[in-house]
Amino acid sequence: MSVQSAAADVDVDLRQLFASLARNWLRILIVALAVTGLAFALAWLATPQYKAETKLLIETRESVFTRPDGTSNDSEKPILDEQGVASQVEVISSTDILKQVAAKLNLSKLPEFDEAAKMSALSRLLVIVGLKSDPNEIAPEECVLKKMREKLNVYSVEKSRVIVIEFSSEDPRLAADIPNAIANTYISVQGNAKLESNAAATDWLAPEIADLSKRVKDAEAKVADFRAQSDLLMGGNNAVLATQQLSELSTELSRVRANRAAAEATADSVRKALQSGGSLDAVPEVLNSDLIQRLRERQVELRANIADLSTTLLDNHPRIRALKSQLADLDGQIRNEAQKIMKGLATQAQTAQARENQLLGDVNTLKAASARAGEQQVELDALQRDANAQRQLLESYMTRYREASSRSDRNYLPVDARIFSRAVVPSEPYFPKIVPIVGAAFVASLLLMAVATLLRELFSGRAMRPATGARFGRIEQVEMPVARAEPALVDAGLTRHRSTEPEAGPEAVDAADATDGDTGQQASTLGEIDIEKAAEKLIASGTARAIFVSPEGDEAAASAVLVAREVSDAGLRVLLLDLTASGAASRPMLDSGLFPGITDLLASEAQFSDVIHADLYSDCHVIPVGTADPARAMRAADRLPIIMQSLTTAYDLVVVECGPADAQGIGRLVGEGTEVFLSMLEADDEVTQAAVKLIENGYPELTLVTPLGHEAPGTPVPGRRTAA
């Protein structure tokens, strides 16, 4: 097609959208006030509910008894974690505790907890028809527990060991008494559990202590007997005597070996000095000898005298020779004394060697004795450990027995929780809060009504406007097509060629204009198709819009109706839009012209759901002309592209009957996937001129269709009046 659609180029007109709130303010306010009044009445008539709460603190247990096999006489370890607190929440809301509270407060006699006594007429009716269980068939105790659980809320405060017991009731005093009674009962149950635990502990510990005392005595006797039989003597530092002696002998052996080595080394050095004739002054043992020291002093003195006399006497002088002779004797005496020292050192080394051999034998003997003592010590230590373990366990049992016995005798029962905040009688009900409820109802109803009004305005299309740059102009006023009288049939030389072959498609319209200077008449040759071929063409091409122009008036409008029904019978969703002035297309489908239609939609007096109706003879839907003022409706003709876009989105095919409209009149109805048909009854000059004008104004693919020869539909389908 040469004419393109601009129906999608639309925007939301916010001014028009929110202006609908001002136009409908009275209805919004009336509905809001009605809802507010209803909420006020319900809140005023509702039974007041009072709520109170009691708080418990879960504390650490004083003692936990552990048996030899690792099990505990208590069910849990000290309660300090979230899991432990959660388990106590379940204990507090348990059936046993609630039963005790219900019996103590005699709740079964109160009407609030007797469902059968306060049944409404509706509830009794539901019981009669079997839609609700009969409260009289339920035990009173179960009814009370059910009501208590509905009104009771027990929870733990996050990241703490605090448990809150919350209860609501119609009676403010009862709302405070029940959580306090539940807390007291829980404390009592915990105390009784402690008492039973203490009694069980003393009963179990008494025979265990007697048996354990005998076992401790036997174990200690085994230790003493083994020590006596093994002759394990203990030395210093709590060590076995054989091991201690072995350590001492090893130390002595090391010392003797060191002395022997030192004596042998010294004797060897003296021997080498004597054999080489060297000086003996380098040997410490020689210098340490008193005799050698005196001889050395005499030797020094003689050398000094010889030196003094040599200044006045010659070397052969008898005196000098006598002194030198004495000096030589002293050297011999020193060497003789050094040999004696060497022999003494050798003797000392031999003595040390003998001592070393003796100590080595003793050490080997003590090694064997120490090994035997070590094995015996291991067995002794095992017996000692067993005896110590038995004694420690005995002492532990005796300590716990004394603790349990003392708690039982003095009635001292440390429990795991304490009440630090008791419930007080509430002075004001927590429900209903009339002012918040009424205020919330008023605000919520205002918002809902405002949203509903905005959505209604948006979906009706009244809040849409052409977007900037759209290709269709805003038209202030457009007149609806006018019904024409019975057309005069003029023979204009038109020849019809009806297609009869099944494989032939729709024939093109060929126009050949010839102008006569005198008459100014045209001659053209056109071809047309029947209703079936037109429907087949629309189905095969997937056309979204079919625009029908009927130059001959209302009778030719039957083509649009017949084509719409034919396509609908093929299974497609089809809607016919009647834009004729007289409603010629929609009246045969609805049998009345009083239904709201396109004029009502354009005049903002109806919505889509109000103007779409069902055909009496097919599954096709139809939008009639409507009952609104045509002049007022056509002032909003610029909304037709928006309406067409919405309809083509919802339906597979939209058929529009435009009556004797021209190319300008149908310009705002066409779009992508649009086929234009010219409906004709007789091939007269008027039809030919209308076809030529449409071709010249941008619709060269115009198709002629005739309703002649098509069979009329049967009886209407019952119950079809409005679109689903």
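The values are calculated or read from the model by the stated rules, or taken from the named source; none is laboratory data. These numbers come from a predicted model, not from an experiment. Ideal geometry is used to build each Cβ from the backbone, glycine not excepted, and the neighbour counts take in all protein chains shown. SASA here: full protein model, heavy atoms, side chains in, ligands and nucleic acids out. Shrake-Rupley method; radii C 1.70, N 1.55, O 1.52, S 1.80 Å.
A few remarks follow.
- When Gly130 is tested against (1) farther than 21 Å from Ser421 by Cβ; (2) in a helix (DSSP H, G or I), exactly one condition is not met: (2).
- If the condition is being among the aliphatic types (A, V, I, L, M) and open to solvent by less than 10 Å² (accessible area, probe 1.4 Å), then region 618-639 contributes Val622, Ile623, Ala633, Ala637.
- Tally of residues being more than 16 Å from Ile529 (Cβ to Cβ) and out of contact with any helix residue (DSSP H, G or I) (no Cβ under 8 Å at 6 or more places or on another chain) across region 697-711: 2
- Test: residue in region 65-77 that is at pLDDT 95 or above and of a type in the set (Val, Ile, Thr): no
- Failed item in (1) touching a residue at least 40 places away in the same chain (Cβ under 8 Å); (2) among the small types (Gly, Ala, Ser); (3) touching a Leu at 6+ places or on another chain (Cβ under 9 Å), with Ala535 passing the rest: (1)
- None of Val157, Val162, Val189 is under 42 Å from the mean Cα position of the chain (by Cα), under 22 Å from Ser421 (Cα atoms) and exposed (fewer than 15 other Cβ atoms within 10 Å of the Cβ) except Val157.
- Tally of residues being out of contact with any Lys or Arg (no Cβ under 6 Å at 6 or more places or on another chain) and outside any loop (DSSP other than H, G, I, E, B) across region 421-456: 24
- Pairs where the first residue, in region 660-675, is under 21 Å from Ala558 (Cα atoms) and the second is of a type in the set (Ser, Thr, Tyr) and at pLDDT below 85, C-beta under 6 Å, 6+ apart: none
- Among the conditions (1) assigned to a helix (DSSP H, G or I); (2) within 15 Å of Leu577 (Cβ to Cβ); (3) out of contact with any strand residue (DSSP E or B) (no Cβ under 6 Å at 6 or more places or on another chain), Ile642 misses just one, which is (3).
- Single residue of region 213-233 satisfying the filter (surrounded by 14 or more Cβ atoms within 10 Å (Cβ to Cβ) and among the hydrophobic types (A, V, I, L, M, F, W, C)) that is modelled with the highest pLDDT: Val216
- Only one of the listed residues (Gln333, Gln390) is surrounded by 13 or more Cβ atoms within 10 Å (Cβ to Cβ) and at pLDDT below 80. That residue is Gln333.
- Of the candidates Leu21, Leu26, Leu45, Leu14, the single residue that is modelled with pLDDT under 90, exposed (fewer than 13 other Cβ atoms within 10 Å of the Cβ) and either under 37 Å from the mean Cα position of the chain (by Cα) or under 30 Å from Ala637 (Cα atoms) (or both) is Leu14.
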